[in-house]
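Asker: Got a structure for you, written out below as structure tokens; questions coming shortly.
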Amino acid sequence: MVKTFIKNKPAIAITMVGFGQAGSRIADEFAYFRNSEGKSTYNCLALNSNDGDLKGLKNIINENRVSLNLGGLGKNPEKAITILEENEEAREKLKSFINDKVRPEDDLVLFFAGLGGGTGTATIVKAIDEFYEYQNKPLIIEEFNKLKASVDPIELKKNQQKYANMAFAKAKEKFKKIGVVVTLPLRTDGPDVLRQVNDFAQQIWALAKNPTKGIAFVTFADNQHFYDEFKKIPLHEQNEIENYRDYGNKQIANIFHELNTATTQGGSDVVMDSQDFRRAIMESAGSLVLSKSEMPIEDVITGEQIVDLFKNNLKENSLHKPLKLVWKEDNKLMKKNVHHVGILSVIDGVKDFKGGAFLDDAIVHIHDQMPINGTVFSGYINTRNDFNVTSYTFYKVDGLPERLEKGLVAEYREYMDRNQDYQIDKTEIVSIAPKKEETIDFDFSDLFGDLQEPETNENDETKEEGPTTDELMAALNFKE
Ligand SMILES: Nc1nc2c(ncn2[C@@H]2O[C@H](COP(=O)(O)OP(=O)(O)OP(=O)(O)O)[C@@H](O)[C@H]2O)c(=O)[nH]1
Ligand SMILES: [Mg+2]
């Protein structure tokens, strides 16, 4: 009756960290999963601003629940950031939460929050910075220091850029990666919340594109999408799920966990193994898009029907509305860069549909529809799957869900204009769609308080030693 593969060892060992109410409740869904020995599959943590909200969690163990003792932060992220910055004790607590409780042997750390809340939005952004300071920056410095010990100081100084980039490239191999999953609020949360969320979403997107932060992916899961989808489910099929929020939390946890465990199952000749899955998830950066379509195995007669499930996955995504991948603008064909793509079917029973020939057709279809730069990983497994065939599609793309591309406030305005018979003064509402071409701020100087300007005068004979670590850090330029 069940999906048995979800008790497999996961392909990627993960610490799940929830910030604020929404984030904690998503992490709590992951804490529900157990392996075949009954042990938690993941290391799950929850951080909130007060004890009360942590009490409602069901699965995260008490020692992994941390309260900042600040009361609520009033659904106002900007204010919450200020409160956090001014409160030394809360800052220290956040720091030690991130530094001490993330399991060192894990390959990935997933951060969750509901954008729009004070606590979750403010602490997730701070935590990304903290994580860099504690986990990844020391690795870069270590590599710089190794170079300084082995390369002639004059040569180092002459080619700072080159050596800075070399050190970074080496350190990057060892980075602990972060995945960020945040939810976007409902339209009806109103323009002020939407404006703040848009700003913070932009900040998170900029962090995700900064290679030093080690962010493997961001998923902007969308509560509006969850709300719309949940409304469509007939009452008798809603089971124990009470509202769109719980529905969304389960969607996020289930799809991620199912993929992470299906890929260690093995069995068929055409397998996407755990290494493939790890590459698809961990390499490069951008938005991670996840889709899942399912139908009863007894209704599936031909492989063509499984291909249709994959086709459906491109039309509908599980955690938000679809992204625009190709479009026309001023008579030019435009596209988003899609990196690796994964397609996987889990087939209940022993039907193997001509050795997985349906996968070849699905791959052709995917290449037709998507501008892919990376590799398409594909596979299927036969295992108990609740009497269903489930097809999963996932990919990373340098693009955002349409709600964010357009800008949440603009969307809100359009929605109101369409639905109500009055006009809003458009000039007062700021358009805050993320810029199409983001230039990344590579200047490291603000990360190092005692940074000196890198030496540029080639003829300066007075300085005999090579560049300092800080100078090398400042020379990093990823455009090279
Ligand atoms: N998907 C999902 N969204 C939620 C959940 N709980 C709250 N939200 C939404 O997430 C956003 C942030 O709300 P909270 O997580 O309650 O806020 P917070 O981070 O605790 O911050 P405070 O304002 O300090 O309470 C809002 O848009 C909520 O509607 C949840 O369990 N799942
Ligand atoms: Mg709260």
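Asker: Any chance you could list the semi-axes, whole Å, largest first, of the equivalent ellipsoid that the Cα gyration tensor gives for the range 161-236, using √(5λ)?
Answerer: Result for the range 161-236: semi-axes of 37, 16, 6 Å.
Asker: Oh, and also: Hey, got a sec? Which GluC sites (Glu not before Pro) in the range 87-171 land in a DSSP loop and have at most 13 other Cβ atoms within 10 Å? Kindly include the intermediate steps, with their values, before the conclusion.
Answerer: Details: sites: GLU88, GLU89, GLU92, GLU105, GLU130, GLU133, GLU142, GLU143, GLU155; in loops: GLU105.
Passing sites in the range 87-171 are GLU105.
Asker: Additional query: Over the residues of the chain, compute the C-alpha Rg and express it relative to 2.2 N^0.38 Å.
Answerer: Numbers: Rg = 23.8 Å, N = 480, 2.2 N^0.38 = 23.0 Å.
Here the Cα radius of gyration is 1.04 times the empirical estimate.
Asker: Along the principal axes of its C-alpha atoms, what lengths does the range 195-297 span, in descending order and rounded to whole Å?
Answerer: 50, 48, 16
Asker: Measure up LYS7/LYS58; LYS148/LYS209; LYS7/LYS315; LYS292/LYS396; LYS315/LYS396; LYS231/LYS324 against 22 Å on the Cα-Cα distance and list the ones that go over.
Answerer: LYS148/LYS209; LYS7/LYS315; LYS231/LYS324
Asker: Tell me the mean residue ellipticity at 222 nm calculated for the chain from its helices only (DSSP H runs of n ≥ 4, each -39500 (n - 2.57), averaged over every residue, nearest 500). Could the numbers behind the result be given before it?
Answerer: Values: 17 runs with 202 residues, N = 480.
My calculation for the chain gives -13000 deg cm²/dmol from helical runs alone.
Asker: Same structure, new question: Taking the Cα centroid of the range 231-302 and of the range 1-39, what is the distance between the two, rounded to the nearest whole Å?
Answerer: Using only Cα atoms to place each centre, the spacing works out to 13 Å.
Asker: Relative contact order of the chain, please, whole-number percent, based on alpha carbon pairs below 8 angstrom and at least 6 residues apart. Before the final figure, lay out the partial values.
Answerer: Details: 907 pairs, mean separation 80.0, N = 480.
Once normalised by length, the contact order is 17 percent.
Asker: If you plug each phi of the range 195-211 into the Karplus form 6.51 cos²θ - 1.76 cosθ + 1.60 with θ = phi - 60°, what whole-Hz ³J(HN,Hα) values come out, in order, with x for Gly and Pro?
Answerer: Karplus-based 3J(HN,Hα) across the range 195-211 equals 5, 5, 4, 4, 4, 6, 4, 5, 4, 5, 5, 5, 4, 5, 8, 8, x Hz.
Asker: Express the accessible area of the chain per residue in Å², computed with a 1.4 Å probe while the remaining protein chains stay in the model.
Answerer: Values: 22510 Å² over 480 residues.
With the other protein chains kept in place, the chain gives 47 Å² per residue.
Asker: Right, something else. Which three numbers, in whole Å and largest first, are the semi-axes of the equivalent ellipsoid of the range 250-303 derived from its Cα gyration tensor as √(5λ)? Walk me through the intermediate numbers first.
Answerer: Numbers: eigenvalues 104, 54, 23 Å².
In descending order the semi-axes read 23, 16, 11 Å.
Asker: So, one more: For LEU45, enumerate residues with amide H under 5 Å from its amide H, sequence gap 5+ or separate chain, H modeled in the peptide plane.
Answerer: Those lying under 5 Å, H to H, from LEU45 are MET16, VAL17, GLY18.
Asker: Under the definition of Cα pairs under 8 Å and six or more residues apart, what whole-number percent is the relative contact order of the range 178-260? Could you put the intermediate results ahead of the total?
Answerer: Values: 64 pairs, mean separation 27.3, N = 83.
Dividing the mean separation by the residue count of the range 178-260 yields 33 percent.
Asker: With all protein chains present, how much of the accessible area of the range 295-417 (probe radius 1.4 Å) comes from carbon and sulfur, to the nearest whole percent? If you can, show how the numbers build up before the last one.
Answerer: On the way: 2700 of 5470 Å².
About 49 percent, which is the carbon plus sulfur part of the accessible surface.
The values are calculated or read from the model by the stated rules, or taken from the named source; none is laboratory data. What you see is a predicted model, and the numbers here were worked out from it, not measured in a lab. We place every Cβ from the backbone using ideal geometry, glycine too, and count neighbours over all the protein chains shown. Ligands, DNA and RNA are excluded from the accessible area calculation, which covers all protein heavy atoms including side chains. Shrake-Rupley method; radii C 1.70, N 1.55, O 1.52, S 1.80 Å.
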